[in-house]
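Trainee: Please read through the structure below; I'll follow up with questions.
The values are calculated or read from the model by the stated rules, or taken from the named source; none is laboratory data. All figures in this text were calculated on a predicted structure; none of them were measured in a lab. Note that each Cβ is placed from the backbone with ideal geometry, even for glycine, and that neighbours are counted across all protein chains shown. Side chains are part of the model used for accessible areas, which takes the heavy atoms of the whole protein and leaves out ligands, DNA and RNA. Shrake-Rupley method; radii C 1.70, N 1.55, O 1.52, S 1.80 Å.
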Amino acid sequence: MSEADKKKATADWARFKKTFSKELAIVAEYAHIWGTTYNGMILVESRDLSTFHDFWHRFRETTRWYVPETRTYIAQKEE
């Protein structure tokens, strides 16, 4: 990725995070995940699946140009 693309991706991500519903939170953003082929990971939390679903589709539309592949793991906390 060129320096210009890195700057654009960083700016796009910062703008995108400001659009989140109050029902969704980024718990953590990781730059590297050792033991995988991934460059990064985000951990998000929401109270319901529809909030996550809305986030996910908007996330992919925002990052598709520079994130060629993603994996999604959905978990539900045991209360």
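Trainee: Using a 1.4 Å probe on the protein chains only, how many percent of the accessible area of the chain belongs to carbon and sulfur?
Mentor: 53 percent
Trainee: Then there is this: Using only the alpha-carbon atoms, how far is helix 3-17 inclined from the longest principal axis of the chain? Give it as 0 to 90 degrees, nearest 10.
Mentor: Its long axis makes an angle of about 20 degrees.
Trainee: Just the accessible area per residue of the chain, please: how many Å² with a 1.4 Å probe?
Mentor: In whole numbers, the chain has 84 Å² accessible per residue.
Trainee: Could you pull out every one of the lysines with an alpha carbon less than 22 Å from that of Lys18, ignoring same-chain neighbours closer than 8 positions?
Mentor: Of all the lysines, those that pass the test against Lys18 - Cα under 22 Å, at least 8 places apart if same chain - are Lys6, Lys7, Lys8.
Trainee: As an exercise, use a Förster radius of 30 Å and the Cβ-Cβ distance of Ala28 and Lys7 to find the FRET efficiency, rounded to the nearest 0.05.
Mentor: Details: r = 23 Å, r/R0 = 0.77.
For Ala28 and Lys7, the calculated efficiency is 0.85.
Trainee: Which value, in Å² and to the nearest 10, is the accessible area of Thr10 when all protein chains are kept and the probe is 1.4 Å?
Mentor: 100 Å²
Trainee: Expressed as an acute angle from 0 to 90° and rounded to the nearest 10, what is the orientation of the C-alpha long axis of helix 49-63 relative to the principal long axis of the chain?
Mentor: The two axes meet at around 0 degrees.
Trainee: Something else: Excluding same-chain residues fewer than 8 positions from Lys22, which lysines have a Cα within less than 23 Å of its Cα?
Mentor: Candidates past the 8-residue exclusion: Lys77.
Trainee: Amide H of Val44 versus every other amide H placed in the peptide plane: which residues, excluding those fewer than 5 positions away on the same chain, fall under 5 Å?
Mentor: Under 5 Å from the amide H of Val44: Val27.
Trainee: Can you put Ile26, Ile74 in order of accessible area, largest first, using a 1.4 Å probe? Don't skip to the answer; put the middle values down first.
Mentor: Working: Ile26 50, Ile74 120 Å².
The ordering from most to least exposed comes out as Ile74, Ile26.
Trainee: Rounded to the nearest 20 Debye, what is the dipole magnitude of the chain about its Cα centre when Lys and Arg each give +1 and Asp and Glu each give -1 at the C-beta?
Mentor: In total the dipole reaches around 320 debye.
Trainee: Can you give me the distance in nm between label points at Arg64 and Lys18, each placed 7 Å from the Cα along the Cα-to-Cβ direction?
Mentor: For Arg64 paired with Lys18, the spin-label model returns 2.4 nm.
Trainee: Could I ask something else about it? Go through [x] 35, 24, 19; [y] 45, 31, 17; [z] 40, 31, 21 and flag the label whose value is the computed Cα extents along the principal axes in Å for this structure.
Mentor: It is the value labelled [y].
Trainee: Still on this structure, please answer the following. Sorted by mean Cβ packing within 10 Å, highest first, what order do the peptides 48-55, 28-35 take?
Mentor: Put in order of decreasing packing, that is 48-55, 28-35.
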